[in-house]
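What follows is a short report on a single structure.
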Amino acid sequence: MDGSFENQNVKSTKRQWTPEEDALLVQGLLKLVDDGWKADAGSFKPGYTKVLEKYIHDKFPNCTIKANPHIESRVKRLKTKYSAIRGMLSPSANGFGWDDTRKMIVVEKEIYSQWCKSHPTAIGLYGKPFPHFNALDIAFGKDNKISSPTS
């Protein structure tokens, strides 16, 4: 046996989030911020994923999303993408901008490619919209207000 069946099976057990589920998860994170669940810069108090699970199930009663592994994994992925974009928009990065209409990084392909060599979490973000950036800035940023992504 070449192992391809096992690899296929592992892939098929990964949950694919819909845009609606992502939006609801982000709404839930913002509600947690409003409700005082944010512990410090970018992290939440223990138990927040269970609160998010209930929030999602209240809106989508028949969904099968669980705090662990689904919400924990998705929040980690969103935070990684958010942090990568925030890094590209930092003063130490040159040539990057934010298109607020298309909700994506704007940069020359070569500059992006060079950046990814030393910042692998940015791989896959070129030309891809990230519609929840501003909301995640509230959830994961150091303060609770939206700051301009280009500043």
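Taken together, the values in this text are just the output of simple stated rules run on the coordinates, not laboratory data. For clarity, every value in this text was computed on a predicted model and none was experimentally measured.
With the cut-off at 30 Å, tell me which of the pairs 54/117; 38/117; 31/103; 59/103; 59/109; 31/117 have Cα atoms farther apart than that.
With Cα atoms farther than 30 Å apart: 54/117; 38/117; 59/109; 31/117.
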For residue 14, counting only lysines whose alpha-carbon sits under 19 Å away and dropping same-chain residues fewer than eight positions off, the answer is 66, 76, 79, 81
Quick query: amide H of residue 98 versus all other amide H atoms, modeled in the peptide plane; which residues come in under 5 Å with a sequence gap of 5 or more or a different chain?
106
Given the convex hull over the Cα atoms of the stretch 25-151, what projected area results after averaging over all orientations, in nm²?
8.3
